[in-house]
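The values are calculated or read from the model by the stated rules, or taken from the named source; none is laboratory data. Because the structure is a prediction, the values reported are computed rather than measured. Cβ sites come from the backbone with ideal geometry, for glycine too, and all protein chains shown count toward neighbours.
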Amino acid sequence: MRIDRASAPALVMDPAPGFDPDLPHDMVHFVVEALLGLKGGVFGQIAAGGDAGSFHIGAPEGADARTHRRAARKQATKGAALMKGQGREGELSELAAFLFDIGWRSRTRPDSASQRAAVDEAARVCTTLSSDERARIDAVRADVFAAFDTVSKAWRGLRCGEALVLEWPTLRRVDHPIG
């Protein structure tokens with residue numbers, strides 16, 4: 001996964017966890033955090049100039065190794081500060097991504113013991129949310145599922161070597177990355 005930012009160095013995570021032929025885990029987070037307006041989630045932190053603790057500056061492009069190391073240290077320091085200040089939003093990002101992912105997939109997956117276990121776990125996770133958090137999640141459910149449908153279709157339509165580039169936080173598909 002590569003993140004191009006207009007005012008900061010590009011970030012990469014390679015390999016990125018959670019590949020899925022329908023909707024990769026990082027794409028779930030991207031959509032959920034954008035539609036919930038989470039600034040303390042993975043992509044909100046990255047938009048604020050951080051690295052969410054899991055991305056790093058890509059290989060130097062024309063910069064010498066010393067300049068690259070300095071930029072990497074600066075990025076890590078800013079990322080650590082943003083992670084420290086994320087508060088409940090960082091946790092809510094994980095919980096909401098899980099809930100929406102299970103809910104969306106349960107619409108089309110056949111009934112099975114593992115599917116029922118996932119739905120049961122989602123119900124348990126819901127009990128850990130405040131009433132305001134549950135209301136916030138419920139308010140965007142239809143929009144999240146619609147966005148998942150759209151992004152999943154685009155993802156499945158990619159040919160080998162192609163990339164799906166989305167703009168934060170609009171979710172607008174971009175033909176070319178910023179960088």
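Summary of values
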| read-out | value |
| --- | --- |
| Some residue of region 36-55 being small (Gly, Ala, Ser), farther than 23 Å from Val151 by Cα, crowded, with 21+ Cβ neighbours inside 10 Å and modelled with pLDDT of 80 or more | yes |
| Which numbered condition Cys160 fails, given (1) at pLDDT below 95; (2) under 21 Å from the mean Cα position of the chain (by Cα) | (2) |
| Region 1-24 residues that are surrounded by 15 or more Cβ atoms within 10 Å (Cβ to Cβ), paired with ones that are of a type in the set (Phe, Trp, Tyr) and modelled with pLDDT under 85 (beta carbon under 6 Å, 6 or more apart) | Leu11/Phe55; Met13/Phe55 |
| Selection status of Ala118, hydrophobic (A, V, I, L, M, F, W, C) and farther than 16 Å from Phe43 by Cβ | yes |
